[in-house]
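Asker: First the structure, which I've put down as structure tokens, then a few questions once you've had a look.
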Amino acid sequence: MRIYDRIYELCKVNKLNGKELGELLGLKKTPMTDWKNGKAQPTVDQIIKMCEIFSISSEYLLFGKEEKNLTFEEQNVINAYRRASPSMKEAARKLLDVPEQERKSLTYSVGKEAI
């Protein structure tokens, strides 16, 4: 799958057309046609911006190496959770019925000694 195909699918999933994507990238017109026809490729700055827009990694966008993409809404929920106070995080977990995971100390064995 080409980078254009991944961008096209991401637009479809996130209900964006080419013109809207172009606007989000700060362009006056859609870049999709040139990308599709191989006349141009996304710039590094455009790739970075699309990773932010679609909440994906550059590895997925460039190489397709990621299992699942988050929607805007899912990424917004994650970002809000990360910014929340500990009591708000606890309330969100209870509301969503997500058990709190115990934090286990990490030990790594090197030979017979633990680090």
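The values are calculated or read from the model by the stated rules, or taken from the named source; none is laboratory data. If you're wondering where the values come from, they're calculated on a predicted model, not measured in any experiment. Quick reminder, even Gly has a Cβ in these numbers, built from the backbone with ideal geometry, and neighbours come from all protein chains shown.
Asker: Yes or no: region 20-29 includes at least one residue that is assigned to a helix (DSSP H, G or I), without any contact (Cβ under 8 Å) to a residue 12 or more places away in the chain, loosely packed, with under 13 Cβ neighbours inside 10 Å and among the acidic types (Asp, Glu). Let's see the steps before the verdict.
Answerer: Within region 20-29, the subset assigned to a helix (DSSP H, G or I) is 20-24.
Keeping just the survivors that are without any contact (Cβ under 8 Å) to a residue 12 or more places away in the chain gives 20, 22-23.
Subsequent filtering for residues that are loosely packed, with under 13 Cβ neighbours inside 10 Å retains none.
Looking through region 20-29, none of the residues is assigned to a helix (DSSP H, G or I), without any contact (Cβ under 8 Å) to a residue 12 or more places away in the chain, loosely packed, with under 13 Cβ neighbours inside 10 Å and among the acidic types (Asp, Glu).
Asker: Which one of the conditions (1) outside the structural domain of residue 92 (by TED's automatic domain parsing); (2) farther than 18 Å from residue 5 by Cα does residue 78 fail to meet, given that it meets all the rest?
Answerer: (1)
Asker: Kindly indicate whether any position in region 7-16 is in a loop (DSSP other than H, G, I, E, B), surrounded by 16 or more Cβ atoms within 10 Å (Cβ to Cβ) and of a type in the set (Ser, Thr, Tyr). It would help to see each step written out before you state the result.
Answerer: Of the residues in region 7-16, the ones in a loop (DSSP other than H, G, I, E, B) are 14-16.
Still in the running and surrounded by 16 or more Cβ atoms within 10 Å (Cβ to Cβ): 14, 16.
Pick out the ones that are also of a type in the set (Ser, Thr, Tyr) and you get none.
Looking through region 7-16, none of the residues is in a loop (DSSP other than H, G, I, E, B), surrounded by 16 or more Cβ atoms within 10 Å (Cβ to Cβ) and of a type in the set (Ser, Thr, Tyr).
Asker: Please verify whether region 35-47 includes one or more residues that are in contact (Cβ under 8 Å) with a residue 12 or more places away in the chain, within 14 Å of the chain's Cα centre (by Cα) and part of a loop (DSSP other than H, G, I, E, B). Steps first, answer last, please.
Answerer: Narrowing region 35-47 to residues in contact (Cβ under 8 Å) with a residue 12 or more places away in the chain: 35-36, 41-42, 46-47.
From what's left, within 14 Å of the chain's Cα centre (by Cα): 47.
Remaining after also requiring part of a loop (DSSP other than H, G, I, E, B): none.
No, there is no match, as no residue in region 35-47 is in contact (Cβ under 8 Å) with a residue 12 or more places away in the chain, within 14 Å of the chain's Cα centre (by Cα) and part of a loop (DSSP other than H, G, I, E, B).
Asker: Where residues in region 81-97 are surrounded by 12 or more Cβ atoms within 10 Å (Cβ to Cβ) and small (Gly, Ala, Ser), which of them is nearest to the chain's Cα centre (by Cα)?
Answerer: As a first pass, look at region 81-97 and keep what is surrounded by 12 or more Cβ atoms within 10 Å (Cβ to Cβ): 81, 84, 88-93.
Those left that are additionally small (Gly, Ala, Ser): 84, 91-92.
Numbers: 84: 20, 91: 25, 92: 22 Å.
Top of the filtered list is 84.
Asker: Considering only region 48-65, state which residues are part of a helix (DSSP H, G or I) and touching a residue at least 24 places away in the same chain (Cβ under 8 Å). Lay out the reasoning, then the answer.
Answerer: Within region 48-65, the subset part of a helix (DSSP H, G or I) is 48-54, 58-63.
Correct list: 49, 50, 53, 54, 60, 61, 62.
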